[in-house]
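The values are calculated or read from the model by the stated rules, or taken from the named source; none is laboratory data. These numbers come from a predicted model, not from an experiment. No Cβ is skipped: glycine too gets one built from the backbone with ideal geometry, and neighbour counts run over all protein chains shown. Only protein heavy atoms, including side chains, enter the accessible area calculation; ligands, DNA and RNA are left aside. Shrake-Rupley method; radii C 1.70, N 1.55, O 1.52, S 1.80 Å.
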Amino acid sequence: MSRIGRMPIAVPAGVTVEIAENNVVTVKGPKGELTQAMHPDMIIEVEGTTVLVKRPSENKEHKSLHGLTRTLIANAVKGVSEGYSKELLIKGIGYRARLVGRALELTVGFSHPVVVEPPEGITFEVPEPTRVRVSGIDKQKVGQVAANIRAIRKPSAYHEKGIYYAGEPVRLKPGKAGAKK
């Protein structure tokens, strides 16, 4: 049995979980609403303040879907109650970020500033010119937007420049050794 799949999901106060036809799960909370279609074979039950996910058989496909389905529902519950955020650090001389309306404007060594428009449900915060916080209720969307921003100027392996995740280890390669004459 899947260790993750059999754990019950605690639903906090103020959050409601509804299962519609074909396992379409809708989670509503103080921060918003998320809807996601789960695999129709999985058995999802709401019992009071907990949600249980069960699998119909010991089939390999059902075993893999068991933990996935439980995790997707748990992420939605946490998203609508607390929300998710990723923090990015910008390192480099003259590298900075600022908000222009809702959009994020990055100056990261190109001949022009790069403007990133936030998708629906995502907000940007710039507490310092070298820090960017991406926030939202959908864990997958927050992670993807943060990855897209990081891809604009990936961390350099030889110089300490680029856009990093907060807490990401900086691995620098040694530069070229001086040639002997």
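Name the residue from P169, S64, I19 whose Cα lies farthest towards the positive end of the charge dipole of the chain, charges +1 on Cβ of Lys and Arg and -1 on Cβ of Asp and Glu.
Of the listed residues, the answer is P169.
With a 1.4 Å probe and all protein chains left in place, how much of the accessible area of the chain comes from carbon and sulfur atoms, in whole percent?
Result for the chain: 52 percent of the exposed heavy-atom area is carbon or sulfur.
Looking at the chain, identify the longest residue range that excludes and avoids all chymotrypsin sites (Phe, Trp or Tyr not before Pro) in DSSP loops having at most 12 other Cβ atoms within 10 Å.
Values: sites that count: F110, Y158.
That would be 1-109.
Between I152 and E58, what's the calculated FRET efficiency when r is the beta-carbon distance and R0 is 35 Å? Round to 0.05.
It comes out at approximately 0.15.
Tally Lys/Arg at +1 and Asp/Glu at -1 over every other residue whose Cβ is under 12 Å from the Cβ of T107; what's the total? Please list the in-between numbers first.
Values: positive: R96, R98, R153; negative: E105.
Surrounding charge for T107 is +2.
Expressed in nm to one decimal, what extension gain is obtained for the pair V114 and R102 from 0.36 nm per residue of sequence separation less their Cα-Cα distance?
Between V114 and R102, full extension yields 2.9 nm more.
Given the C-alpha centroids of segment 118-160 and segment 27-70, what is the distance between them in whole angstrom?
Centre-to-centre distance over Cα atoms comes out at 29 Å.
Which residues does a label at T49 reach in segment 1-31, if reach means a backbone N under 20 Å from a point 7 Å past the Cα toward the Cβ?
7-19, 27-31
Restrict the search to segment 66-146; then list the GluC sites (Glu not before Pro) that DSSP places in a loop and that have at most 12 other Cβ atoms within 10 Å of their Cβ.
For GluC sites (Glu not before Pro) across segment 66-146 that sit outside H, G, I, E and B with at most 12 neighbouring Cβ atoms in 10 Å, the list reads E120.
Given a 1.4 Å probe, how much area per residue of the chain is accessible, in Å²?
That works out to 61 Å² per residue.
Over all directions, what mean area does the Cα convex hull of segment 3-87 project, stated in square nanometres?
Projected area, direction-averaged: 5.9 nm².
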